[in-house]
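Q: Let me begin by handing over the structure; questions about it come next.
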Amino acid sequence: MEQTKIILSEKEIPQAWYNIQPDLPEPLAPPLHPKTLKPLGPQDLAPIFPMELIKQEVSQERWIDIPDEVLDVYKLWRPTPLHRAYRLEKALNTPARIYYKNESVSPPGSHKPNTAVAQAYYNKKEGAKRIATETGAGQWGSALSFACNLFGLKCTVYMVKVSYGQKPYRRILMETWGSEVHPSPTNLTNVGKSILKKDPDCPGSLGIAISEAVEDAATHDDTKYSLGSVLNHVILHQTVVGLELKKQLKIAGEKPDILTGCVGGGSNFAGFSFPFVKDKLDGKKIQIIACEPEACPTLTRGPYRYDFGDTAEIAPVVKMFTLGHSFVPPPIHAGGLRYHGDAPLVCLLVNKGVIEARAYHQNSVFEAAVLFARTEGILPAPETAHCIKAAVDEAKKCKETGEEKCIVIAFSGHGHFDLAAYDAYLNKKLEDYAYPEEKIKEALAAVPNIE
Ligand SMILES: Cc1ncc(COP(=O)(O)O)c(C=O)c1O
């Protein structure tokens with residue numbers, strides 16, 4: 001009988017994370033200090049991050065051992081299954097073979113705890129008592145709440161206001177794991193206060209929530225800051241996904257032709273695809289597709305240049321594709337895909353043409369999500385649905401050409417807390433929204449001019 005799920009044993013959880021930095025076609029441009037615009041040193045980051053994570057951020061070691069304490073928690077849900085999407089293939093009548101690596105089986109329901117657990121562990125080890133963070137859709141906040149709770153740390157979450165309103169159940173989940181959750185912008189930080197003064201109805205953005213959480217950590221000695229995406233160490237931790245996938249594809253006797261993942265800050269996409277990027281750089285033919293919303297088209301329409309990581313200009317300045325750090329995205333339902341920039345590691349590889357990027361409107365994305373739910377059963381997160389759309393498009397192309405390609409989807413999370421979005425789609429209330437060109441130009445005018 002044909003295998004539907006390829007499942008590894010707990011012994012096969014990777015024992016080391018893969019760091020792509022030594023294998024890049026060119027080194028990353030250095031991150032800059034937000035005030036001096038000079039390259040950042042480790043001491044600049046020490047007030048907000050534990051030293052071990054700062055070391056990982058700049059490490060040139062290809063492999064970094066995963067601590068036993070982290071592996072022990074990973075065992076709660078890892079290794080995650082690789083599914084063959086037979087029913088989706090049948091519905092599409094495609095000769096393509098479609099697989100999905102299912103990160104939705106973690107307790108918070110996404111890939112995010114792969115790094116949350118590691119970050120909570122290093123913070124605890126270095127004496128932090130509390131972690132402050134931001135969250136968009138609530139997935140990252142839930143993952144960090146889950147991880148902090150297991151390691152006995154307090155957790156404060158600044159949740160983008162529009163999502164706080166749209167997703168009360170994610171807030172309740174975070175509170176159940178013991179966190180304090182605030183709708184951002186808040187009156188608790190100077191950044192939040194000044195934004196609310198100008199615009200009391202500001203819906204918030206990831207950039208603003210990051211500024212609030214960074215300020216909280218920088219102004220409290222016992223508190224560190226934690227970011228759920230974008231940074232090199234976050235991507236490093238996520239490589240457990242791609243490393244497991246490699247073993248699973250080998251068992252299935254497959255070599256991937258196409259990998260699709262959605263990109264908010266880039267962490268699940270990178271963790272899933274970077275172990276294969278190395279193969280591609282070594283000459284293998286693999287198409288690696290990064291998927292984003294038309295409403296926040298960072299990789300497809302932003303320029304590749306230095307910009308601040310946050311709205312208030314207190315986070316480092318990094319080289320990335322950007323829509324400008326003052327970008328306030330329209331309230332689309334894929335809350336986790338609304339960051340103005342993207343991981344510098346992903347951006348470098350897009351700029352080099354190793355990774356290609358595509359943007360989709362939300363109605364077409366939900367159409368693919370509903371097809372997936374009706375065939376494979378699992379309800380995808382709206383973020384995840386972006387790369388399902390890309391896989392469906394590619395599988396349809398295979399139907400036309402007769403090619404039997406192997407397509408693998410990064411199934412980053414389930415959508416059980418996103419039912420309001422499904423309701424809106426099913427009732428034809430979702431609007432497609434392409435971000436206007438003049439707004440991009442306007443936001444880019446405030447971006448520093450650094451070569
Ligand atoms: C399910 C899911 N997938 C993807 C993302 C995007 O984040 P990243 O690009 O860091 O993987 C999010 C962010 O919240 C998410 O919740």
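The values are calculated or read from the model by the stated rules, or taken from the named source; none is laboratory data. Remember, predicted model here, so these are calculated numbers, not experimental data. Note that we place each Cβ from the backbone using ideal geometry, even for glycine, and neighbour counts take in every protein chain shown. Surface areas here come from the heavy atoms of the whole protein model, side chains and all, with no ligands, DNA or RNA. Shrake-Rupley method; radii C 1.70, N 1.55, O 1.52, S 1.80 Å.
Q: Let me check something: with ligands and nucleic acids excluded, how do Asp72, Asp44 order by accessible area (1.4 Å probe), largest to smallest?
A: Ranking Asp72, Asp44 by accessible area, largest first, yields Asp72, Asp44.
Q: Out of the DSSP beta bridges found with both residues in the chain, what percent are antiparallel (nearest 5)?
A: 35 percent
Q: Here's another thing I want to ask about it. Can you tell me the relative contact order of the chain? Whole percent, Cα pairs under 8 Å, sequence separation 6 or more.
A: 19 percent
Q: Kindly report, to the nearest 10 Å², the accessible surface of Leu188 as traced by a 1.4 Å probe over protein heavy atoms only.
A: Leu188 has an accessible surface of roughly 110 Å² with all protein chains in place.
Q: Right, here's the next one. Tell me what the chain gives for mean residue ellipticity at 222 nm when only DSSP H runs of n ≥ 4 count, each as -39,500 (n - 2.57), the sum divided by the residue total, rounded to 500 deg cm²/dmol.
A: -12500 deg cm²/dmol
Q: If I model a spin label as a point 7 Å beyond the Cα along the Cα-Cβ vector, how far apart are those points for Glu356 and Thr176 in nm?
A: Result: 4.2 nm between the two label points.
Q: Under the 0.36 nm per residue contour assumption, what length would be gained going from the current alpha-carbon distance of Lys11 and Val370 to full extension?
A: Full extension of this stretch gives 125.7 nm more.
Q: Suppose every Lys and Arg Cβ carries +1 and every Asp and Glu Cβ carries -1, with no other charges. What dipole size does the chain come out with about its Cα centre, to the nearest 20 debye?
A: With Lys and Arg at +1 and Asp and Glu at -1, about 640 debye.
Q: Which value, in Å² and to the nearest 10, is the accessible area of Lys112 when all protein chains are kept and the probe is 1.4 Å?
A: We get 40 Å² for Lys112.
Q: Let me ask something else about it. Compute the distance in nm between two label points, each set 7 Å from the Cα along the Cα-to-Cβ direction, one at Leu188 and one at Thr36.
A: 3.2 nm
Q: While we're looking at this one, here's another question. Give me the log10 of I(q) over I(0) for the chain at q = 0.08 Å⁻¹, as the Debye formula computes it from C-alpha points; what are the numbers?
A: Relative scattering, expressed as log10 I(q)/I(0), comes to -0.40.
Q: Heavy atoms only, probe 1.4 angstrom, no DNA, RNA or ligands counted: give me Glu383, Glu10, Glu404 ranked by accessible area, highest first.
A: Correct descending sequence by accessible area is Glu404, Glu10, Glu383.
Q: Among Pro34, Ala46, Pro79, pick out the residue whose Cα is farthest towards the positive end of the charge dipole of region 29-107, where Lys and Arg carry +1 and Asp and Glu carry -1 on C-beta, about the Cα centre.
A: Of the options given, the answer is Pro79.
Q: Give me the accessible area per residue for the chain, probe 1.4 Å, as a whole number in Å².
A: On a per-residue basis, 39 Å².
Q: Percent of accessible area on region 295-451 owned by carbon and sulfur, 1.4 Å probe?
A: Looking at region 295-451 in its full context, I get 49 percent from C and S.
Q: I would also like to ask the following. May I ask you to give the percent of accessible area on region 1-48 that is carbon plus sulfur, with a probe radius of 1.4 Å?
A: Carbon plus sulfur share of accessible area: 57 percent.
Q: Find, among the trypsin sites (Lys or Arg not before Pro) in region 306-365, those assigned to loop by DSSP (not H, G, I, E, B) with at most 16 other beta-carbon atoms within 10 angstrom.
A: Here the trypsin sites (Lys or Arg not before Pro) that fit, given the DSSP loop and packing criteria, are Lys352.
Q: If the convex hull of the alpha-carbon atoms of region 286-420 is projected onto planes in all directions, what is the mean projected area in square nanometres?
A: 9.0 nm²
Q: Rank these by accessible area, largest first, 1.4 Å probe: Arg374, Arg62.
A: Arg374, Arg62
Q: Let me ask something else about it. Gap in Å between the Cα centre of region 140-194 and the Cα centre of region 269-307?
A: Between the Cα centres of region 269-307 and region 140-194 lies a distance of 29 Å.
Q: Farthest toward the dipole's positive end in region 200-253, which of His237, Ile210, Ile251, given Cβ charges of +1 (Lys, Arg) and -1 (Asp, Glu) about the Cα centre?
A: Farthest towards the positive end: Ile251.
Q: A follow-up question, please. Any idea what angle helix 267-281 forms with the longest principal axis of the chain, computed on alpha-carbon atoms, 0 to 90 degrees, nearest 10?
A: 60 degrees
Q: Also, I was wondering about something else. Residue by residue through region 233-242, what is 3J(HN,Hα) from phi via Karplus (6.51 cos²θ - 1.76 cosθ + 1.60, θ = phi - 60°)? Round to whole Hz and write x for glycine and proline.
A: 5, 5, 4, 3, 4, 6, 5, 4, 5, x
Q: If each of Leu196 and Glu404 carries a label point 7 Å out from its Cα toward its Cβ, how far apart are those two points in nm?
A: 6.2 nm
Q: Just the number, please: carbon plus sulfur as a percent of the accessible area of region 178-251, 1.4 Å probe, no ligands or DNA/RNA counted.
A: Carbon plus sulfur share of accessible area: 55 percent.
Q: Over region 306-369, with a single point scatterer placed on each C-alpha, what log10 of the ratio I(q)/I(0) does the Debye formula yield at q = 0.24, 0.29 1/Å?
A: -1.08, -1.21
Q: Something else about it: For helix 113-125, what angle does its Cα long axis make with the longest principal axis of the chain, in degrees from 0 to 90 and rounded to 10?
A: Rounded to the nearest ten degrees, it is 40.
Q: How large is Rg over Rh for region 166-264, taking Rg from the Cα atoms and Rh as the Kirkwood inverse mean of 1/r across Cα pairs?
A: Taking Rh as the inverse mean 1/r over Cα pairs, Rg/Rh reads 1.12.
Q: Could I ask something else about it? Just to confirm the number: angle between the C-alpha axis of helix 206-218 and the first principal axis of the chain, 0 to 90 degrees, nearest 10?
A: Roughly 50 degrees, rounded to the nearest 10.
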